[in-house]
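Student: Questions regarding the structure given below will be posed in turn.
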C-alpha cells in the first residue's frame, strides 16, 4: 500500500458514521449487511449511507456485491489488513521486541504459546 491509499482509508474512517459503519461491517463478517439495513441500523437516511459507503469503498476498506435486488456490503479485510500492515511496517524501527506488546494487544485471546487460546 502506498501513502496516498493509506491517507484515503484513514480519512474515510475519520468520520463517526463511517467509522461505526465499518466496525459494524467487520462484526458482520462474513455475511455482510444490505445497504438499506445499514441505514436503518445507523439511523441515517439511505442516500447519506450510500455516500458514506461509496467513500469507504473508494478507500478500499469496504466492498459490495449485488444479490438480487439488494447490495450487500462487507468489510474488505484484505484492504484493511494492507492498511494495518502499512501502519506497522516500520514499527519500532524494526526492533521486534518493542513491537511484541502491540502485537499481543491485537490478538488478546492468544497466550505466548502459539495456538493456545486463554479465553
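The values are calculated or read from the model by the stated rules, or taken from the named source; none is laboratory data. No experiment lies behind these values; they were computed from the predicted model shown. Because the Cβ atoms are built from the backbone with ideal geometry, glycine has one as well, and the counts that use them run over all protein chains shown.
Student: Residues that are at pLDDT 95 or above and within 17 Å of residue 76 (Cβ to Cβ), at least 3 per element: which helices (runs of 4 or more DSSP H) completely within the range 2-55 meet that?
Tutor: Working: elements: 3-13, 16-27, 35-42.
Correct list: 3-13, 16-27.
Student: Got a number for residues in the range 68-99 being modelled with pLDDT of 70 or more and more than 22 Å from the chain's Cα centre (by Cα)?
Tutor: Final tally of qualifying residues: 7.
Student: Specify which of the listed residues (37, 20) is under 30 Å from residue 89 (Cβ atoms) and free of Cβ contacts under 8 Å to residues at least 24 places away in the same chain. Reasoning before the result, please.
Tutor: Details: 37 fails: under 30 Å from residue 89 (Cβ atoms).
Of the residues listed, the single one that is under 30 Å from residue 89 (Cβ atoms) and free of Cβ contacts under 8 Å to residues at least 24 places away in the same chain is 20.
Student: In the range 78-98, what count of residues is obtained for those that are more than 14 Å from residue 25 (Cβ to Cβ) and either without any contact (Cβ under 8 Å) to a residue 40 or more places away in the chain or not in a helix (DSSP H, G or I) (or both)? Before the answer, list the steps.
Tutor: First pass over the range 78-98, keeping only residues more than 14 Å from residue 25 (Cβ to Cβ): 81-98.
Cutting the leftovers down to either without any contact (Cβ under 8 Å) to a residue 40 or more places away in the chain or not in a helix (DSSP H, G or I) (or both) gives us 81, 84, 88-98.
Selection size over the range 78-98: 13.
Student: Among the residues of the range 63-77, how many are surrounded by fewer than 16 Cβ atoms within 10 Å (Cβ to Cβ), outside any strand (DSSP E or B) and in contact with a strand residue (DSSP E or B) (Cβ under 9 Å, 6 or more places away or on another chain)?
Tutor: 0
Student: Does the range 30-47 include one or more residues that are closer than 30 Å to residue 101 by Cβ and surrounded by 12 or more Cβ atoms within 10 Å (Cβ to Cβ)?
Tutor: no
Student: Check off (1) farther than 21 Å from residue 2 by Cβ; (2) free of Cβ contacts under 8 Å to residues at least 24 places away in the same chain for residue 44 and give me the number that stays unchecked.
Tutor: So the condition that residue 44 fails would be (2).
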